[in-house]
Structures are given as C-alpha cells and as structure tokens.
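**Student:** Supplied in structure tokens, the structure appears directly below.
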Amino acid sequence: MDGIAQWLFLAYFVLMLATLVWKTPVISGPWLFLLRAFFPNWKFFHAVGYAPRLYARTVAHVPGAPRAWGSWTLLYPRRTRHWWHLFHNPDTNLGLAQQNLVHHLGTDINALPDGGDPGSLVTYGMACNLVAHSMQAQFPGCSHFQFELRMELEAAQHTVDAQTMLTSPVLPCP
C-alpha cells in the first residue's frame with residue numbers, strides 16, 4: 001500500500017508540472033463568447049502582476065451650479081471574510097462575479113484591434129449597467145456618473161503603480 005501511495009503522489013506532481021508547462025489553445029466563437037459568463041476568469045493564477053480595478057465617480061444635480069464631481073471610488077473592493085462564510089456566503093460570491101466581469105472587460109479591451117471601439121463590447125455594456133446600479137444605490141441623488149478601468153500593481157498594503165486602461169464618457173444615472 002505504501003508503494004502505491006508514493007506512485008500516486010509522484011503522478012500527482014507530474015500532472016501538476018505538466019499543467020504548468022502545457023499551454024492550452026484559446027477557444028473563440030460567438031456562442032462560446034456568450035457562454036463564458038458561466039465560467040470564472042482564472043487568469044489571476046497564471047501570473048502575478050497588474051490586476052484590473054473599476055473606479056467610479058458621480059455628480060449630483062444642483063440646478064444653476066456647475067458640475068462638482070466626487071472623488072474616484074473603488075467599486076467592489078475585497079469583502080471581509082468570516083468563519084460562517086464556509087456555509088453561506090452570497091455577498092462574497094456576488095463580489096467574485098462582479099470582479100470576474102471586470103477581468104473579462106480588461107481582457108476584451110486588450111483583445112481589441114488598434115482603434116477598436118470598447119463601447120461595442122458586451123462586457124462594456126454590462127459594466128456600464130453594473131456601475132450605474134452601484135452608483136444609484138450608493139448615491140441616490142446622482143445625476144451622472146463616469147467610470148475608469150485601471151490596471152493596478154499592488155503590494156501588501158498599498159498600490160505600487162496604476163495605469164488607466166479606459167475612461168468612460170459621462171453617463172446619466174438611471
């Protein structure tokens with residue numbers, strides 16, 4: 001029994017090494033593109049580096065006054081974890097789905113040809129709706145909002161570098 005366990009243990013590590021070395025082809029197509037919402041974006045396991053983050057700001061409508069934009073706010077920061085989340089964790093699961101959309105948006109923008117319009121992307125439209133509803137929930141009196149997709153390199157407690165990948169036009173709140 002002990003020899004079999006050692007061979008299984010060795011086979012497991014050989015399989016893990018093979019998955020690190022073997023590159024899978026990229027699958028694309030219109031129907032697969034629509035189905036990818038059901039699958040998480042696992043790119044964060046491939047490399048440590050810049051991660052996409054979504055920021056937004058709003059302006060309240062005050063008649064006769066110029067627009068006074070609020071500061072940029074990070075949307076969907078990491079949720080705090082508790083031991084009971086092992087059994088029931090809908091808030092964090094929703095946060096993971098939202099962050100997954102942000103990762104897909106970053107990937108789609110990178111895949112655009114030079115001069116391509118990000119507004120034509122399905123993920124862009126989904127991100128617009130997500131930000132609009134988030135801004136309406138956080139700031140009920142907002143009249144307009146704007147969002148940015150930034151690629152951030154983070155250290156343990158702070159952001160080391162940030163590069164703006166996309167800034168949306170000014171959009172009306174729903």
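**Student:** Is it true that some residue in segment 152-169 is in contact with a Lys or Arg (Cβ under 9 Å, 6 or more places away or on another chain) and more than 15 Å from Y55 (Cβ to Cβ)?
**Tutor:** Looking through segment 152-169, none of the residues is in contact with a Lys or Arg (Cβ under 9 Å, 6 or more places away or on another chain) and more than 15 Å from Y55 (Cβ to Cβ).
**Student:** Looking at A11, A18, can you tell me which residue is at pLDDT 60 or above, out of contact with any Lys or Arg (no Cβ under 6 Å at 6 or more places or on another chain) and exposed (fewer than 10 other Cβ atoms within 10 Å of the Cβ)? Break it down stepwise before answering.
**Tutor:** Working: A11 fails: exposed (fewer than 10 other Cβ atoms within 10 Å of the Cβ).
Being at pLDDT 60 or above, out of contact with any Lys or Arg (no Cβ under 6 Å at 6 or more places or on another chain) and exposed (fewer than 10 other Cβ atoms within 10 Å of the Cβ) holds for just one of A11, A18, which is A18.
**Student:** Turning to a different aspect of this structure: Among the numbered criteria (1) buried (at least 16 other Cβ atoms within 10 Å of the Cβ); (2) in contact with a Cys (Cβ under 7 Å, 6 or more places away or on another chain); (3) of a type in the set (G, A, S), which one does A127 miss?
**Tutor:** Evaluating A127 over (1) buried (at least 16 other Cβ atoms within 10 Å of the Cβ); (2) in contact with a Cys (Cβ under 7 Å, 6 or more places away or on another chain); (3) of a type in the set (G, A, S) leaves (2) as the failure.
**Student:** When you check L149 against the structure, is it in contact (Cβ under 8 Å) with a residue 24 or more places away in the chain, over 16 Å from the mean Cα position of the chain (by Cα), surrounded by 12 or more Cβ atoms within 10 Å (Cβ to Cβ) and more than 13 Å from G70 (Cβ to Cβ), yes or no? Step through it out loud before you land on a result.
**Tutor:** Numbers: in contact (Cβ under 8 Å) with a residue 24 or more places away in the chain: yes; over 16 Å from the mean Cα position of the chain (by Cα): no; surrounded by 12 or more Cβ atoms within 10 Å (Cβ to Cβ): yes; more than 13 Å from G70 (Cβ to Cβ): yes.
In short, no.
**Student:** Among what's in segment 101-148 and is touching a strand residue (DSSP E or B) at 6+ places or on another chain (Cβ under 6 Å) and part of a loop (DSSP other than H, G, I, E, B), pick the residue that is modelled with the highest pLDDT.
**Tutor:** F139
**Student:** Here's something else I'd like to know. Filtering segment 75-99 down to residues that are closer than 16 Å to M151 by Cβ and either small (G, A, S) or modelled with pLDDT of 80 or more (or both), which residue is nearest to the chain's Cα centre (by Cα)?
**Tutor:** Result: Q99.
**Student:** Right, next: Here are some residues: G49, G64, G70. Which one is at pLDDT 65 or above, of a type outside the set (S, T, N, Q) and touching a Leu at 6+ places or on another chain (Cβ under 9 Å)? First the steps, then the outcome.
**Tutor:** On the way: G64 fails: touching a Leu at 6+ places or on another chain (Cβ under 9 Å); G70 fails: touching a Leu at 6+ places or on another chain (Cβ under 9 Å).
Only one candidate qualifies: G49.
**Student:** Any residue in segment 105-117 that is surrounded by 10 or more Cβ atoms within 10 Å (Cβ to Cβ) sitting within a Cβ distance under 9 Å of a residue that is modelled with pLDDT of 90 or more and part of a loop (DSSP other than H, G, I, E, B)? List the pairs, counting only those 6 or more apart or interchain.
**Tutor:** L105/L121; D108/L121; I109/L121; L112/L121
The values are calculated or read from the model by the stated rules, or taken from the named source; none is laboratory data. Model, not experiment: these values are computed from the prediction. Counting neighbours? That spans all protein chains shown, and the Cβs are built from the backbone with ideal geometry, glycine included.
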